[in-house]
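The values are calculated or read from the model by the stated rules, or taken from the named source; none is laboratory data. It should be emphasised that the depicted structure is a prediction, and the values quoted were computed from it without experimental measurement. Cβ atoms come from the backbone with ideal geometry, glycine included; neighbour counts cover every protein chain shown.
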Amino acid sequence: MIHSLYNKGVVFITFGFILLIFFRNMSISQEIEKLKKELPETVKLIAVSKTKSAEQILEAYYSGHKIFGENKVQELAGKYEILPKDIEWHMVGHLQTNKVKYIVPFVSIIHAVDSLKLMIEINKQALKHHRIIDCLLQLKIAREESKFGLNFSEVKLILESDEYHKLNNIRILGVMGMASFTDNTSTIRDEFKELVRIFKSIRQDYFAGMPEFKELSMGMSTDYKIAIEEGSTMVRIGSQIFGKRVYCNLKIR
């Protein structure tokens, strides 16, 4: 059973022996309002709500924000079932082909498309539901081995393949990338610059005259300001909106 206690901006949620503590100086709605005033009109804010409760998402929703991102299929599908149907859901995490079918009926954009195999499966499931699914190509720009994504050569092979040109139920809107998790702002900026360079090359070579190919999904809570300076059109922000989590191995009596 989950017990919740809200007190002066600090939320305690206990489950078993885990205590999650959310520290916030402002409410969720205040954080969103602050961000929207800060972001250029050309930049879309995706509130990344992974691990957050329906109540927290609804606080953001009732403040007027209706664009949310999740990185786990099961969590995304579950939240879709119980939350308002006018929410625009973005799948921002790594997506396995065997789980595509669970989100295709409702997802707005899939950010992390990193293989032709995944494209084919999205197209297959989209066809079943008479939909065209908007997608972003995930490019690996970080130096960390743990990050997923395609390199420029792999993107070219996909976009020049016969298989890709048969996919009529997906639409590529742009690219997505994650910078290295580092305090070195020069490294982060250089990686975002590289993503922009590849984006422009792809647009020129494969999407010329196609205005829908315009999205650069880059920037999270720790680096979104740099991303915007480098040309981001979508920022994926979670902890700044919903609060940071501290996991403590404490036994709750």
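Quick look at the numbers
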item: Inter-residue pairs, beta-carbon under 6 Å, first closer than 24 Å to G93 by Cα and in region 193-218, second among the small types (G, A, S) and surrounded by fewer than 20 Cβ atoms within 10 Å (Cβ to Cβ), 6+ apart; result: V196/G231; L216/G231
item: Single unsatisfied condition, S221 versus (1) over 24 Å from F68 (Cα atoms); (2) part of a loop (DSSP other than H, G, I, E, B); (3) in contact with a helix residue (DSSP H, G or I) (Cβ under 7 Å, 6 or more places away or on another chain); result: (1)
item: Test: residue in region 151-164 that is under 23 Å from W89 (Cβ atoms) and either in contact with a Gly (Cβ under 9 Å, 6 or more places away or on another chain) or in a loop (DSSP other than H, G, I, E, B) (or both); result: no
item: Residue within region 72-85 that is more than 20 Å from E33 (Cβ to Cβ) and polar (S, T, N, Q) present; result: yes
item: Single unsatisfied condition, A179 versus (1) buried (at least 17 other Cβ atoms within 10 Å of the Cβ); (2) in a helix (DSSP H, G or I); result: (2)
item: Only one of F207, F213, F242, F148 that is more than 16 Å from the chain's Cα centre (by Cα), among the aromatic types (F, W, Y) and within 23 Å of V107 (Cα to Cα); result: F213
item: Failed item, numbered, when L157 is tested on (1) within 21 Å of the chain's Cα centre (by Cα); (2) surrounded by fewer than 16 Cβ atoms within 10 Å (Cβ to Cβ); (3) among the aliphatic types (A, V, I, L, M); result: (1)
item: Residue match in region 222-234 (condition: farther than 25 Å from E88 by Cα, of a type in the set (G, A, S) and surrounded by 13 or more Cβ atoms within 10 Å (Cβ to Cβ)); result: no
item: Any chance A142 is of a type in the set (G, A, S), touching a strand residue (DSSP E or B) at 6+ places or on another chain (Cβ under 7 Å) and buried (at least 18 other Cβ atoms within 10 Å of the Cβ); result: no
item: Lone qualifier among A77, A47 - being under 16 Å from R236 (Cβ atoms), modelled with pLDDT of 95 or more, buried (at least 17 other Cβ atoms within 10 Å of the Cβ) and small (G, A, S); result: A47
item: Inter-residue pairs, beta-carbon under 9 Å, first free of Cβ contacts under 8 Å to residues at least 40 places away in the same chain and in region 169-187, second in a helix (DSSP H, G or I), 6+ apart; result: S180/T187; S180/I188; S180/E191; T182/I188
